[in-house]
Amino acid sequence: MSQRINNFSAGPAVLPVEVLEEAQNSLLDFNGTGIGIMEHSHRGAAFSGVLAQTIADCRKLAGIPDDYQVLFVQGGASSQFFTLPMNFLSEGETADYLVTGAWSKKAVAQAKRFGTPHVASTSEDRNFCYIPESAEYSANPKYVHFTSNNTIFGTQFYNEPEAPAGVPLICDASSDIFCRPLDIKKYGMIYAGAQKNLGPSGVTLVIVHDDLVKAGKLDIPEMLQYRTFAENDSCYNTPPTFGIYFMGLVFKWIMKQGGLKEIEIRNQQKSEVLYSYLDNSNLFRATADRGSRSLMNVTFVTGNETIDKRFIEQATAAGFDGLKGHRSVGGMRASLYNAFPPAGVKELVDFMTEFEAKNS
């Protein structure tokens, strides 16, 4: 097998090696059944056991109360941008959105198809390099929606925004789900595409309160109703069985690391190594404001596009892949998801130090 390199991709992203190895062993024969995990029927006993254990481990890991559903859906988090308002928003009704990046802007665009989204706060005035400190909510919103981590712009909410009393708080947590402890009871719903912190692309985790499940509309297609997945254990149709299985392995891996509190400490330590270097560098600088910086996606530039390009080329050749930043920000982006090894951050900083000495 070829040697693994440092993968800083924003997603699909790095996964725990021991989880990859266990999944590899299950591709041909899952638990001695003589059938690979991807070949088992979603109605059979083998996968039913996997599904039940994955849900149980998710609840244990995140402290999810019994009055919340744990669902597995397809279509990525982007499909939730329209599924959410389709279920809960009607013409003449308002939902409040905190707009802190490209994905929350796309969520607003989809909400316009069903009702009236109100932008309660935005950081677009400075190209989304910060998290607004406050929001101006509408008079009677059906829900408040925010994106907890902004992959492209390298910012992150450190605490949940305070929604008006009685209004469900809904979060797109795709790029920082389970990077730290969560108080699930503060949310009406959390959703996340798997391909950042949870597993392979193709499955989306939805954690939703029973009251919201019941409040969803009945006159929309069954496959777009949350109740359909809640009433059928996410198996109304064939679910992404391998993605669910793999997600279950990741939940066990996180618990093996000490749970969400220990994962948060590890993520803070990893990001601090890189941010500390950037704050003291004469060549590189972080693009996100202090106080808004993401633990998951560190965005940085030199201020010179030619030098940025040279750095990316040389870094790639040296075994540091996925560092090219999004065109909206330019420069570089190092994604340090849960499974990214701490040693890789130190190796990147050493490489950046050498590059700076030669290019300052």
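Do we have any residue at all in the stretch 91-108 that's acidic (D, E) and more than 21 Å from P132 (Cβ to Cβ)?
yes
For R285, all conditions in the list (1) touching a strand residue (DSSP E or B) at 6+ places or on another chain (Cβ under 9 Å); (2) under 19 Å from S148 (Cα atoms) hold save one; what is the number of the exception?
All conditions pass for R285, except number (2).
Looking only at the stretch 317-340, which residues are touching a strand residue (DSSP E or B) at 6+ places or on another chain (Cβ under 9 Å), touching a residue at least 24 places away in the same chain (Cβ under 8 Å) and not small (G, A, S)?
F320, D321, L323, H326, V329, M332, R333, L336, Y337, F340
I'd like to verify a number: residues in the stretch 60-85 that are without any contact (Cβ under 8 Å) to a residue 60 or more places away in the chain, open to solvent by 50 Å² or more (accessible area, probe 1.4 Å) and in contact with a helix residue (DSSP H, G or I) (Cβ under 6 Å, 6 or more places away or on another chain), how many?
Total satisfying the criteria: 1.
Scan the stretch 182-204 and tell me whether some residue there is within 21 Å of the chain's Cα centre (by Cα) and of a type in the set (D, E).
Yes: the stretch 182-204 contains one or more residues that are within 21 Å of the chain's Cα centre (by Cα) and of a type in the set (D, E).
Any idea which of S201, S138, S174 is of a type in the set (S, T, N, Q), in contact with a Lys or Arg (Cβ under 8 Å, 6 or more places away or on another chain) and either assigned to a loop (DSSP other than H, G, I, E, B) or at pLDDT below 95 (or both)?
Answer to the check: S174.
It is to be established whether one or more residues within the stretch 24-44 are closer than 30 Å to K346 by Cβ, open to solvent by 20 Å² or more (accessible area, probe 1.4 Å) and free of Cβ contacts under 8 Å to residues at least 40 places away in the same chain.
yes
Out of K270, K261, K217, which single residue is open to solvent by 20 Å² or more (accessible area, probe 1.4 Å), of a type outside the set (A, V, I, L, M, F, W, C) and under 30 Å from E347 (Cα atoms)?
Residue meeting the stated conditions: K261.
Which residues, taken from the stretch 220-243, are assigned to a loop (DSSP other than H, G, I, E, B), open to solvent by 30 Å² or more (accessible area, probe 1.4 Å) and out of contact with any His (no Cβ under 8 Å at 6 or more places or on another chain)?
Those that are assigned to a loop (DSSP other than H, G, I, E, B), open to solvent by 30 Å² or more (accessible area, probe 1.4 Å) and out of contact with any His (no Cβ under 8 Å at 6 or more places or on another chain): P221, N232, D233, Y236, N237.
What residue, among those in the stretch 316-348 that are among the β-branched types (V, I, T) and open to solvent by 20 Å² or more (accessible area, probe 1.4 Å), is nearest to N6 (Cα to Cα)?
Across the stretch 316-348, the extreme among qualifying residues is T316.
Might you let me know whether the stretch 92-102 holds any residue that is without any contact (Cβ under 8 Å) to a residue 12 or more places away in the chain, closer than 24 Å to N197 by Cβ and open to solvent by 20 Å² or more (accessible area, probe 1.4 Å)?
No, the stretch 92-102 contains no residue that is without any contact (Cβ under 8 Å) to a residue 12 or more places away in the chain, closer than 24 Å to N197 by Cβ and open to solvent by 20 Å² or more (accessible area, probe 1.4 Å).
For the stretch 45-59, name all the residues that are farther than 12 Å from I244 by Cβ and exposed (fewer than 15 other Cβ atoms within 10 Å of the Cβ).
A45, A56
Considering only the stretch 126-169, state which residues are at negative phi, out of contact with any Asp or Glu (no Cβ under 7 Å at 6 or more places or on another chain) and among the aromatic types (F, W, Y).
Y143, F146, F153, F157, Y158 - these are the residues of the stretch 126-169 that are at negative phi, out of contact with any Asp or Glu (no Cβ under 7 Å at 6 or more places or on another chain) and among the aromatic types (F, W, Y).
Based on what the data block shows, is F246 open to solvent by less than 10 Å² (accessible area, probe 1.4 Å) and touching a Pro at 6+ places or on another chain (Cβ under 7 Å)?
Spelling it out, F246 is indeed open to solvent by less than 10 Å² (accessible area, probe 1.4 Å) and touching a Pro at 6+ places or on another chain (Cβ under 7 Å).
Name the residue that is nearest to F251 (Cα to Cα), counting only residues in the stretch 303-315 that are charged (D, E, K, R) and open to solvent by 30 Å² or more (accessible area, probe 1.4 Å).
That would be E313.
Has the stretch 110-122 got any residue that is at positive phi and in contact (Cβ under 8 Å) with a residue 12 or more places away in the chain?
no
Looking at L169 and the list (1) under 14 Å from the mean Cα position of the chain (by Cα); (2) open to solvent by less than 10 Å² (accessible area, probe 1.4 Å), which single condition is not satisfied?
Status for L169: all satisfied but (1).
Of everything in the stretch 110-134 that's more than 10 Å from T94 (Cα to Cα) and aromatic (F, W, Y), which residue is surrounded by the fewest Cβ atoms within 10 Å (Cβ to Cβ)?
Checking each candidate, the answer is Y130.
The values are calculated or read from the model by the stated rules, or taken from the named source; none is laboratory data. Since the model is a prediction, treat every value here as computed from it, not as a measurement. Neighbour counts run over all protein chains shown; Cβ positions are idealised from the backbone, glycine included. Please note that ligands, DNA and RNA were not included when accessible areas were found on the heavy atoms of the full protein model with its side chains. Shrake-Rupley method; radii C 1.70, N 1.55, O 1.52, S 1.80 Å.
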